[in-house]
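**Q** Questions regarding the structure given below will be posed in turn.
The values are calculated or read from the model by the stated rules, or taken from the named source; none is laboratory data. A quick note: this is a predicted structure, and the numbers were derived from the prediction, not measured. A quick note on method: Cβ atoms are made from the backbone with ideal geometry, for glycine too, and the neighbour counts reach across all protein chains shown.
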Amino acid sequence: MGDFHAGSAEAAGYQYFAIFNETADVLDLDNAYLVVRSSSLSGEEAFTGNLLWERTEKLFRLRDGHDWEEEYVAISPAEAERLNRKIAERWHAYRRYRLITADGAPLALARITGETEHAFTGGPAWMLSDLLSRAPQELTWTVEDVDPERVTELMAGLVRQSRNLRRHKDFPAGYAVFRRPVDVLDLDSARRVVGEPGPDDAVTVPINAPEADRLRLRISAREATHGG
């Protein structure tokens, strides 16, 4: 469900922040509605559940006075991990998920929140979608309900599928190597960057040149701090 792993992120130079709807809410950390992480290599990212961090400008907007009614405080990686799990539990209470397949192969995961639909196809973020309304007209598509416990695994599979299909065109700069299959959802959790996977590199995804450069810097910083 709301998977989160802070160990590698802490060593990679992240700062974490809890975001609140109003100043009075900061008296209880559990009142936070969002966690944002920030680093010089990746900028700002908001945790959206299931190991996924998406680009955001939330800290910029808070510091610049755009979201003046809200408040934020710095928190530790351990606090971020606990808070993300708690927030994810709230989200799953009112989110529903459906898997869309085409000719038997996964096409997208749909997330329904009230009247709003988002789809995840293996890219960096959930996107507004109308796939479910289109499904009845697509003869090769099937749609099935998904238990929230399966969402992280299915999302990771879509990431691997999407990147491998576009490897030669969009991701020709080697491979990121991970410990667990679901870790591909957070590219910055990669353990190594290689030109070609070796026999012991069981979990990999192809990457582009900017990603390879960023990951090498992040991995070097992590190893210098914690010895890998």
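**Q** Tell me the residue from Ala80, Ala108 that is surrounded by 14 or more Cβ atoms within 10 Å (Cβ to Cβ) and touching a Ser or Thr at 6+ places or on another chain (Cβ under 6 Å), please. Write out each step before concluding.
**A** On the way: Ala80 fails: touching a Ser or Thr at 6+ places or on another chain (Cβ under 6 Å).
When all the criteria are applied, what remains is Ala108.
**Q** Here are the criteria: (1) of a type outside the set (A, V, I, L, M, F, W, C); (2) over 27 Å from Pro206 (Cβ atoms); (3) part of a helix (DSSP H, G or I). Tell me which single one Glu144 does not satisfy.
**A** (3)
**Q** Next up: Give me the pairs: first residue in the stretch 191-213 and under 16 Å from Arg163 (Cα atoms), second residue of a type in the set (Gly, Ala, Ser) and assigned to a helix (DSSP H, G or I), beta-carbon distance under 6 Å, and six or more apart or on different chains, which are they?
**A** Val193/Ala212
**Q** Test of understanding: among Ala93, Ala78, which residue is under 23 Å from Ala18 (Cβ atoms) and touching a residue at least 60 places away in the same chain (Cβ under 8 Å)?
**A** Working: Ala93 fails: touching a residue at least 60 places away in the same chain (Cβ under 8 Å).
Ala78 is the lone residue from the list that is under 23 Å from Ala18 (Cβ atoms) and touching a residue at least 60 places away in the same chain (Cβ under 8 Å).
**Q** Kindly indicate whether any position in the stretch 47-58 is modelled with pLDDT under 95 and either over 30 Å from Arg191 (Cβ atoms) or surrounded by fewer than 18 Cβ atoms within 10 Å (Cβ to Cβ) (or both).
**A** no
**Q** Limited to the stretch 1-38, what total is found for residues that are under 18 Å from Gly49 (Cα atoms), modelled with pLDDT under 95, surrounded by fewer than 21 Cβ atoms within 10 Å (Cβ to Cβ) and of a type in the set (A, V, I, L, M, F, W, C)?
**A** Adding up the residues that qualify gives 2.
**Q** Go through the stretch 96-115 and give me each residue that's farther than 12 Å from Val151 by Cβ and either without any contact (Cβ under 8 Å) to a residue 12 or more places away in the chain or among the small types (Gly, Ala, Ser) (or both). First the steps, then the outcome.
**A** Of all residues in the stretch 96-115, those farther than 12 Å from Val151 by Cβ come to 100-108, 112-115.
Hits for the stretch 96-115 are Ala102, Gly104, Ala105, Ala108, Gly114, Glu115.
**Q** Please find, within the stretch 10-65, the residue that is nearest to the chain's Cα centre (by Cα) out of those that are among the basic types (Lys, Arg) and either in the same structural domain as Pro181 (by TED's automatic domain parsing) or in a helix (DSSP H, G or I) (or both).
**A** As a first pass, look at the stretch 10-65 and keep what is among the basic types (Lys, Arg): 37, 55, 58, 61, 63.
When the remaining residues are screened for being either in the same structural domain as Pro181 (by TED's automatic domain parsing) or in a helix (DSSP H, G or I) (or both), the result is 58, 61, 63.
On the way: Lys58: 16, Arg61: 21, Arg63: 24 Å.
Selected residue: Lys58.
**Q** Follow-up question, since we're still on this one. Could you check how many residues of the stretch 168-177 are more than 15 Å from Gly122 (Cβ to Cβ), surrounded by 15 or more Cβ atoms within 10 Å (Cβ to Cβ) and not aliphatic (A, V, I, L, M)?
**A** 2
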